[in-house]
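Structure record follows, encoded as structure tokens.
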Amino acid sequence: MERSSCERSAAVSIFTSSLASPQPGLPGVALVSISRLQSVCETVAPRYADRARFFSVREGYGAAVTALQAYVDAGSVDVVLAAGSNGAYLRDNLSVPVVMVKVNGFDVLSAITRATTSWPGAQIGLVLHETISHELADLRAWLNISLKQRAYRSIDEVRLAVANLAAEGCSVIIGPGMACDFAQQAGMESVFLYSLGAVEEAFERSVELARVSRQKESKRVRLNTIVAHLRDGVAAFDDAGQLEAINPAMLDLLGLDREQDVAAQLTRAVGPLLRETLEHGMPVEERIEQIGGRALIVNCMPIVEQGLRSGSVLTVQDALVAQRIDRSLRTSQRPKHLVARHHLDDLVGSSPALERVRRLARAGAAHDATVLLSGESGTGKELVAQGIHNASRRRGNPFVAFNCAALPEGLIESELFGHEEGAFTGARRGGKPGLFEIAHTGTIFLDEIGEMPAALQSRLLRVLQEREVMKLGAGRATPVDVRVIAATHRDLHALVAQGVFRADLYFRLNLLQIALPPLRERRGDIAQLARHVLERSALQYGLSEAALERVLTFLTPLFEHYGWPGNVRELENLLARAAIYLNNSAGEEWQDLQAVFPEFGRMRQVVADGYGAIDHAQVADDAPVHRSPTRGELKRALEQAGGNRTAASRALGIGRTTLWRLMKDLPGD
């Protein structure tokens, strides 16, 4: 029965007028029926007004689908309630769940009872959806009724079933609303099959299913909104590898054409990765792939629900974005004190030897080549390293200094390369990044490289070659972008010949070598350097201009003739001592001054009359002594200082590191 377009436009109605103020946001249930079931539904619906909104649809089959589709697309209808062949058709042609009003045995027996009571002795025809009841046929004799059954699957089969039953002598028809309507048109009596209880049970299922569907849809929309705003590409597939969802970022990262078949394009781009996950159930993690001329980080993970694999999810990230995030993360986590304070202009002096150092340092700073600084202790190797860093493109990034002779072998490894949580007893909770990681994008200065244990030399070589570090206890390496500057006071070439230092590491480090001259080889710079140091610390020691000049005058013979085994470090030590002692003392005997300044004694200088007066002619006649203390002199200095290395090194005019090195290197008396 076709309706006019006006009638069809009114076929869908929201009968809120018969309901008690429906709450906004409630799930929607469409009640679909062509005939008598609709009136029963409209009778039951007000009882559920606080749990759902109801849409009455007086259409069937294709017309009902057309009428409902707009509401389904708008999200107004979550579930459809229908019955019989109409419900079966809707279930096959709508994307929302369809709840069927089910007829049970009690409904059939109740309808038969009403028919036999109203029309005793009448032959009864029963019209059921899809299949007849064989159990009822077996009970026919026991019930003492004349009953014939017919099944239907469409509205035309309902009309035909009623006509056949009428031809076979049936005067009463039991069936759905359409069967009852056809029976009445044929002059027959009818009993509506669907009971109130069956309709109420269908309402319960519909309302609950609509509530759950609305919740799931809300979560799905929320998740899709979140995924749509991700910068990473995301795509979900079912267990057969069919595309279920994809976000805009994935289309952009893979360069897919939105006007073409997206699923086919995606399969061509990532098909092998997807098959690897689906066929073997193994995840693909952080795989670097070249797709569409772009380097991408690809992950493909299986989706497991209740122990069963139900699909897979593919994520894609731009490698350049990952690099920027990595740089930002490392920058935010690095200690703030890892900065280089000195520049190459801080090298005081104008001697040819020092000018050569500046020239080579500036040449090395222009490139990322590894630099090897050699020279005696105290010649300013770290100052030059900081100057190279600040003159390079890495300035502003971290400068990390580490003394390879300062820690035992096990701690050196952990400090340089880091460790994962639980890598060893006492390992920091959460793990710890190594100095190479901390120095990422900057410079690491490895002082006393000649003291590095042999076992760690191979690990350092791998870092220099591969530009990646392996933490203790880690399963994968971490890439690092680090400029290495090494320094040593020892002859690495001789150590290689002795088999103490790896030859391949030596050649890797010795790309650009800068030899720093000892202070005695640039005596012309000493007076200028001493004045610079004193002016810088004048406020600290309360030095007036006159006192500063007095200190410089007093120390002039040392500037010209002392051997300076401790180099610049020893000079700074001596200047500090002189600033403290000479600024607050006057008229001391030379014996007292010699005790405070043993450097003069090592020069075999002769004290003349007056405070600080020195026989410069005598000094000139004496050959200066340019030798390091013997082991016996070192031992005596330690004994006199009561074992205090700081006091002993001060008395000898050398640094503590130099004292320790001399104790280790010098032969016995």
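The values are calculated or read from the model by the stated rules, or taken from the named source; none is laboratory data. Fair warning: this is a prediction, and the values are worked out from it, not measured in the lab. Because the Cβ atoms are built from the backbone with ideal geometry, glycine has one as well, and the counts that use them run over all protein chains shown.
The table below lists the values:
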item	result
Odd one out for Gln185 among (1) surrounded by fewer than 16 Cβ atoms within 10 Å (Cβ to Cβ); (2) in contact with a Phe, Trp or Tyr (Cβ under 8 Å, 6 or more places away or on another chain)	(2)
All positions within region 497-522 that are surrounded by fewer than 17 Cβ atoms within 10 Å (Cβ to Cβ) and free of Cβ contacts under 8 Å to residues at least 40 places away in the same chain	Ala497, Gln498, Gly499, Ala503, Phe507
Selected residue [without any contact (Cβ under 8 Å) to a residue 60 or more places away in the chain and surrounded by 14 or more Cβ atoms within 10 Å (Cβ to Cβ)] from Leu94, Leu81	Leu94
From the options Val158, Val207, Val191, residue that is crowded, with 19+ Cβ neighbours inside 10 Å, at pLDDT 90 or above and assigned to a strand (DSSP E or B)	Val191
Top-ranked residue in region 135-155 [being within 18 Å of Pro120 (Cα to Cα) and among the small types (Gly, Ala, Ser); ranked as modelled with the lowest pLDDT]	Ala141
Selection count, region 250-275, where residues are assigned to a helix (DSSP H, G or I) and over 23 Å from the mean Cα position of the chain (by Cα)	11
Elements of type helices (runs of 4 or more DSSP H) contained in region 292-390, each with 2 or more residues being at pLDDT below 90 and surrounded by 14 or more Cβ atoms within 10 Å (Cβ to Cβ)	319-333
Residue satisfying all of: in region 627-661; loosely packed, with under 13 Cβ neighbours inside 10 Å and closer than 20 Å to Gly378 by Cα; modelled with the highest pLDDT among these	Thr646
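Quick grid of which residues meet (1) under 15 Å from Ser351 (Cα atoms); (2) buried (at least 18 other Cβ atoms within 10 Å of the Cβ); (3) β-branched (Val, Ile, Thr); (4) under 53 Å from the mean Cα position of the chain (by Cα):
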residue: Leu529; (1), (2), (3), (4): yes, yes, no, yes
residue: His532; (1), (2), (3), (4): no, no, no, yes
residue: Arg536; (1), (2), (3), (4): no, no, no, yes
residue: Leu539; (1), (2), (3), (4): no, no, no, yes
residue: Gly542; (1), (2), (3), (4): no, no, no, no
residue: His561; (1), (2), (3), (4): no, yes, no, no
